[in-house]
1. Can you sort Arg93, Arg205 by how many other beta carbons sit within 10 Å, fewest first?
2. By how many degrees, between 0 and 90 and to the nearest 10, does the Cα long axis of helix 200-216 differ from the longest principal axis of the chain?
3. Fewest first, what order do Val225, Val203 take by the number of other Cβ atoms within 10 Å?
4. What spacing in nm lies between the two simple spin-label points modelled at His109 and Thr86, each 7 Å away from Cα in the Cβ direction?
5. Would you mind ranking Phe239, Phe198, Phe234 by Cβ crowding within 10 Å, fewest neighbours first?
6. Relative contact order for the chain using alpha-carbon pairs under 8 Å, separation at least 6, rounded to a whole percent?
7. Taking the DSSP beta bridges in the range 18-193 as the whole, what percent of them are antiparallel, to the nearest 5?
8. Skipping prolines and chain starts, which residues have an amide H placed within reach, meaning under 5 Å, of the one on Leu150, given they are 5 or more residues away or on another chain?
Amino acid sequence: MAAASPDSATSPFVIGSVAIVGAGTMGLGIAQVCVQHGLPTLLFDINADLLPKAQAAIAAGLGKLVEKGKLTEEARDAALARLHLTTELTEVRADLIIEAVVEKLAVKHQLFQEVAALNPPTAILASNTSSLPITRLAAPIPHPERVVGLHFFNPAPLMQLVEVISGAATAPAVAEAVYQLAERLGKKPVRAADAPGFIVNRVARHYYVEGLKLVEERVAPLEVVDELLESAGFRMGPFRLMDLIGVDTNYSVTAAMYEAFHFDPKFRPSRVQQQKVDAGYHGRKSGRGFYEYPA
């Protein structure tokens, strides 16, 4: 496929609507950004209980912008009117479909194959994965040239960075289309090669891994590790940050990178973190992680 600009008449990859699969923290955050910037957005989740919570969270997020004078009440209402919620996968039809589901390749493969059957080859399939290879993700999908990585950071409405990752088959026009979309959403996109962890998670992985090793080896309590790193200039220590991201999500990314780097010991997941995941202590979203978060 020729590398054409998405604004060119020769490019079929024009993004006028968005569908997001997964109404968890990342999915609803991305949905908020999209509706705020004028895009009709469908938010799908198989769990019907999550959708009203996601809608309330998006309304609250937009409401805070109104309180701060960054958004008018009329703009907030218009943004909310652009949001559609559904539990019906057959409704997931859009120019751009972003998956924000669990970090398991088999799950993402099945989802993209089902969504691909519902949409034309010009529909871009984007993954918000933190670490899984885009090339492997795209391989069994019809028209793999329209599969791309579009990695937002948590919380999506606030974090400016977005990684745009091209797999081996990704069409340049597809990568350019989502890059321009990220700019339209007020983000600062960067292009990344399809390497384990991409840019940010590869660099940041040791912020978590080394912090966990300090606790595992009883060098210092986790509270002390957080306090020292925050006093050194980091906005959040590794344990507070893992609680914000999701202890389970963070652990899954580490495990995926450990495998991707052929079990290099420097990426070894921590037993301390695994215990938290096994206990269901997933951070802020579950009310308890490395710290407790009373309701």
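1. Values: Arg93 14, Arg205 21.
Starting with the residue having the fewest Cβ neighbours, the order is Arg93, Arg205.
2. Approximately 20 degrees, to the nearest ten.
3. Values: Val225 21, Val203 10.
Final ranking by Cβ density, sparse to dense: Val203, Val225.
4. Between His109 and Thr86, the simple spin-label model gives 2.6 nm.
5. Working: Phe239 25, Phe198 22, Phe234 14.
By the 10 Å Cβ count, ascending: Phe234, Phe198, Phe239.
6. On the way: 533 pairs, mean separation 42.8, N = 295.
This gives 15 percent for the chain.
7. On the way: 4 of 29 bridges.
Once the DSSP bridges in the range 18-193 are tallied, antiparallel ones form about 15 percent.
8. Residues meeting the criterion, in which the H sits 1.01 Å from N, are Ser127, Asn128, Thr129, Ile165.
Every number in this text was worked out from the coordinates using simple rules, so none of it is lab data. From a predicted model like this one, the values you see are computed outputs, not experimental measurements. Note that we place each Cβ from the backbone using ideal geometry, even for glycine, and neighbour counts take in every protein chain shown.
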